[in-house]
Each structure stands twice: as C-alpha cells, then as structure tokens.
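The values are calculated or read from the model by the stated rules, or taken from the named source; none is laboratory data. This one's a predicted model, so the numbers in the text were calculated from it and none came from an experiment. Every residue, glycine among them, receives a Cβ derived from its backbone with ideal geometry; neighbour counts consider all protein chains shown.
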Amino acid sequence: MKRGAALLAAGLFLGLGAFPALAGEQTPPDWNGITLGSPHRGGTLHLTADGPGGTLDPQINYGTQYMQVFVNMYDPLLTFRLARGTAGLEVVPDLADAMPQISPDGLTWRLHLRPGLHFSDGAPVRVEDVVASFRRIYRAGSPTAASFYGGIAGAADCLEKPDRCMLPGVEGHPETGEIVFHLTKPDGEFLYKLAFPHAVILPAATPAHDMGGTTVPGTGPYRITQYDPGHGMVLERNPYFHVWNPQAQTDGFVDRIEYDFGLSDEAQVTAVEQGRYDWMLDAKPADRLGELGAQYTSQVYIEPLLGLYYLAMNTHEKPFTDVRVRRAVSMAVNRHAMTILFGGSAISEPLCQMVPHGIPGADLELECPQDLEGARRLIHEAGAEGASVTLVVPNRAMELGMGTYLRNALQAVGLNAQLRPITAGLADSYEQNTANHVQIALSYWFADYPSASTFLDDLFGCDNYHPNTAVSPNFTGFCDQHVQSLFDQAKAETDPTKAAPIWQEAGHAIMQQMPGSPMIQMKTVDFVSKRTGNYFSTLLNHMLFSHVWVQ
C-alpha cells in the first residue's frame, strides 16, 4: 500500500477507539482453577488459523501458535503466574512444590518434585523423567539448548556430542524427590529459563529426536487426541490431571478444543462473526477493523504485548553483507506509516530499537526518522544500486499491505525489490533455513520471558544461529564477539538494575550494525464469538484456551 492510500486504513480504524476502555472494564476473570462445579464447565471451543504451526515437539517448536497450545498440555518445574499484566511475569512453582533454594554463589539450585503427578497416559511423573527431559533438550536439538541451558554443568559436552549427553549438572534423587542443578557460572535469568516451555517435563522414554506430528504425553489439563497438519487438531481433557497449584495450571472449562486450519485471515473474521468459530489466531486485516469496531465491540479485546515487527536482513546474503545497505533499508522506512498499515496508533507504535518498551533494557530515547536521500546515498556508496532483493512476508492481508509498502520503500532507494508471500504458518521455518537463501524478511518476535535477552540474544546471538535447520532464531547469521560479550555480561548479572544498562549498550551496538531493523511494537487484537466468556490473556501466553468458557 502506498503512503497516500494508508490514510484509508487509518479511517477504517476510527471505530476501534472505545476498545481499550471496554477491555479494561471487564469483570476480572476467574483464574483460580476451581471449575469442577462451575455451570460453565463443558462444551467445545472452536479455534481457527490459516495453517499449522510446525512440529508438535514442545522442546523444539519455537513458534507462538503451538506454544499457545502447549501451555495447556505440558508443565515445567516452574512457570509464569496465570495473571494479567505484569503479575503474569512472576515465576511460581509448577511441577516443583516450591521455589528453588539457591546457593549463595548462585551455582547450585535445589527443587523438589511434587508427589502424585501423572502424565496423560497414566504413568507417574518421576525424578528420572525430569533428568531425562533436560538431557533431551540437547539430544533432540532444542533451539535454546545452548543459549538458555548452555550454563548447566556438562552442557558443553552435550552440545558437542548430543548422542552421548549425560549432563552431570542435573542430579535426580528418587528417594527424596529432589532435583539439583549445577551451573558453571551465575545466571541471572536461570529462573526464567526453568519456566520457559522448552523446559517442560516429558516421559523419560520420549525419543531423542524431533517428534514431528506425533504428540508426547504431558501433565496439563488437555491432550491432543487427533492431529492432521493439513486440517487441524483436537484436544480433549487429560483424565489424569488434577489441580496442584491454581496459579500455575487450571482444570479448564471446556471439555474439547477443535482447532481447524485452512481459512484466510479475511475468512476467519467472517467465520467468528457468524459464530462458526470462537477465536481466530491471525492478525485482523486493516480493512475489517472498522467493521469490528462498529458492530462487534463487546467481542474484541486489545491486550498489551511484548512483541515487535522487524526487518531481518541476512548478513550472509548480498547485498545485505554490506552494513551500509542494512542501514539504508532502516532509513528508508517511515515507521508511522507502518503503524497505520498495522491498524492505527491504538494497537501499535513506532519502534526504533530491538527491545519492546516495557522490558528492562529498552531505551526510550532512540529515534529513527525516515531519510530517503541519506538511504540512497548509502546504497550508491555500497555499489548496490539495482541489486535484486526479494522480501519475504507472511501471506496474511495485514502483512501483505506492510510488505507492499516496504517493497516500494526499497525500490525508492535504488534496490530492485520484489515481494514473496509465504503461508503464514510456514514463514518462520522457511526464513530460518539457510538453504532457502532468504535475503530479507518481515518478521515478528514475542518475549520468551521479561528480559531484553529474548530479543537481542535470541535474534542476534551466536548460539542461536543454526545453519541448514528450520529452527534458527538468528536467521540473519549475525555474530559479533563484542556484542556477544555484552550479552554474556548482562545475563550473568543477578541484579536486573545492573543488567539493564548493559542490555542498552548491546542494543545500541546492534542498531549500529543493523542486522535487524525494528519497525513497530504492537498490541494483540483478539476477536471472539458471542458465546465465548471469561476472556483471559497474559503478557507471555496471550489468550489462555483453558480459561475461557462457551455458552
């Protein structure tokens, strides 16, 4: 969409002005997990998305779509509190019965497994399952094996020879139920990493490879009973589940969740309006926002989101091997236009750093004005005029509109740019696989936990570049030893106030080299059916399927 036409999208959005106040005035949802006697218990929740979200392996999948499903199926030892707002960023005991006891030097962490837990196949959860689950992170090739769990004693050997991984840094004591973690150095974020979904506990017999379309028994309130990546999945109650800590996991209201794939974002909106589905995954097209604001206000929720859109530029693919080209691309974009294309200022804001506002280490003072003349000059200096560039974008209406504008901006500064839409559910894996030689992509990223590391280190850390795989968060291939040393210093700080300025310094260094150019920080717009009640969303997990009910 050209800049002049963007004003139409802004006009369509005017009807959404009342949404933030309405969402804030809703009765606080019941999240205490005591649903057994609720009159709202039962029924089927119908969900829709344009396509599947990748592997069903919870220790390998790194995408929001299926992680939103997995939180209803699996549990780590610790997890993030089921609460709205910043309270949902606090860590609470989950399969562990209490918070860890940490040695004064920060190197030894002790937890105790709750008794009486069972997997969804009826097998008891044992200390041996906990130890095996952490070994499997390395053996199965979890994308966060090095960046999140590389500080556990023995992890270096496991990363070098995964099939021989023994991981002496995780001890299990079946006679007492105790699990002990030994770290090689203090890690100020290890509490969050234990609560991250890749640390879920699986049966010890789970194969040490990507499970693909095969589901693994879990401990949560639901389990997948049917799956066809071409059509959808069905989740039903886990008959062995019981509530052990309602702040960590609840019993769930609905008996069944049906998640269908195949509808475009436009068709999804219509299907929810008609009551054929209760919730849609994909972003709402800009040309439908006015309609939703005018006719379906009580069914729309605008929620804060620790997430951003950015242009990822592959530093191993020409012309983006030249930092001048990367800087020129960032200078070519009018970020206010991007907010309009996303849907307006009520649900997005310009972003000039790779850390969203609301996370320690974000810098509110950075600015990034559009400078077309300066961008053209840099392209000329780099000898990149006329260079062929293919911009990959998800094929949903909103991203296609943003992508069209970005393609035009690239052409305006002298690049021969074209657009390549990719099915949204496959875009991440396509972009991250170096075999596809993606040059530049419009990508989005959400916080794994409340730290700048989950944007800076995840997206630009050396440990997160995995060539020739479909799970490589740092698909730009950026690796700078000075920047990496700043990452390591910040993560070693146990005091967040001391870590924040180091993250800011690292963020500035990233912006100097520009492997990724931030575009906007967004909020999520959830659209639900009339029969859906008890809407509940958290900053990290978004709408929780277990918490809503259907009439």
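Please go through region 117-141 and pick out each residue that is of a type in the set (D, E) and assigned to a loop (DSSP other than H, G, I, E, B). Once the filter is applied, which keeps residues that are of a type in the set (D, E) and assigned to a loop (DSSP other than H, G, I, E, B), region 117-141 yields only D121. Might you check whether a residue that is under 19 Å from Q489 (Cα atoms) and touching a residue at least 40 places away in the same chain (Cβ under 8 Å) occurs anywhere in region 177-184? Within region 177-184, one or more residues are under 19 Å from Q489 (Cα atoms) and touching a residue at least 40 places away in the same chain (Cβ under 8 Å). The one condition from (1) of a type outside the set (S, T, N, Q); (2) within 30 Å of R223 (Cα to Cα); (3) touching a Phe, Trp or Tyr at 6+ places or on another chain (Cβ under 9 Å) that Y296 does not meet is (2).
Residues being more than 23 Å from I340 (Cβ to Cβ) and surrounded by fewer than 17 Cβ atoms within 10 Å (Cβ to Cβ): count how many of those fall in region 397-417. Selection size over region 397-417: 1.
Of all residues in region 326-364, those satisfying the criterion of being small (G, A, S), in a loop (DSSP other than H, G, I, E, B) and within 22 Å of the chain's Cα centre (by Cα) are G343, A346, G358, G361, A362. Screening region 365-414 for residues that are in a loop (DSSP other than H, G, I, E, B) and under 31 Å from the mean Cα position of the chain (by Cα) and picking the one that is modelled with the highest pLDDT gives Q370. Of all the listed residues (Y240, Y259, Y296), the sole one being hydroxyl-bearing (S, T, Y) and more than 23 Å from N541 (Cβ to Cβ) is Y296. I'd like the residue in region 228-287 that is among the charged types (D, E, K, R), without any contact (Cβ under 8 Å) to a residue 24 or more places away in the chain and more than 29 Å from L78 (Cβ to Cβ) and, out of all such residues, is surrounded by the most Cβ atoms within 10 Å (Cβ to Cβ). Result: E273. Restricting the first member to region 141-155 and to residues that are at positive phi, and the second to residues that are modelled with pLDDT under 95, the beta-carbon pairs closer than 9 Å and six or more apart or on different chains are G141/H466; G141/T469; G141/V471.
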